[in-house]
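The values are calculated or read from the model by the stated rules, or taken from the named source; none is laboratory data. In this text, all values refer to a predicted model and were calculated from it rather than measured experimentally. Here Cβ is always computed from backbone atoms with ideal geometry, including for glycine, and neighbour counts include all displayed protein chains.
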Amino acid sequence: AADPFAALAARIKSLPIWIGHGDADEAVPVEQSRRLVPALRSAGATVRYTEYPRVTHDGAAEKTYGDSAAFAWLFAQRRSGGSSQ
């Protein structure tokens, strides 16, 4: 695709999405999330984005999974139809 972020966004726009990314991520450049989030919004998705300053890849996972709000949000999500698989 000409814009891989727009192509991905079009495919996943109906999913509940909360992206957590550290700006010091050494494994996945934070620019990936910074490009995907606006692509998702342009596609009509509702997306939450949390960027952690001075936090690495592992640190972002620790912060996200250590946040009770993230789990409350996750467990509040429901299927919107389709296959039950």
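Within segment 8-24, residues that are of a type in the set (Phe, Trp, Tyr) reach no partner that is crowded, with 17+ Cβ neighbours inside 10 Å and in a helix (DSSP H, G or I) with beta carbons closer than 6 Å at six or more positions or on different chains.
Total residues in segment 7-28 satisfying the condition of being of a type in the set (D, E, K, R) and either at pLDDT below 95 or farther than 12 Å from ALA60 by Cβ (or both): the figure is 2.
I'd like to verify a number: residues in segment 42-61 that are over 14 Å from ILE17 (Cβ atoms), surrounded by fewer than 18 Cβ atoms within 10 Å (Cβ to Cβ) and out of contact with any Phe, Trp or Tyr (no Cβ under 9 Å at 6 or more places or on another chain), how many? Total satisfying the criteria: 7. Listed by first and then second residue, the pairs linking a residue in segment 30-52 that is within 25 Å of GLU62 (Cα to Cα) to a residue that is buried (at least 17 other Cβ atoms within 10 Å of the Cβ) and aromatic (Phe, Trp, Tyr), with Cβ atoms under 7 Å apart and 6 or more places separating them unless they lie on different chains, are ARG35/PHE5; LEU36/PHE5.
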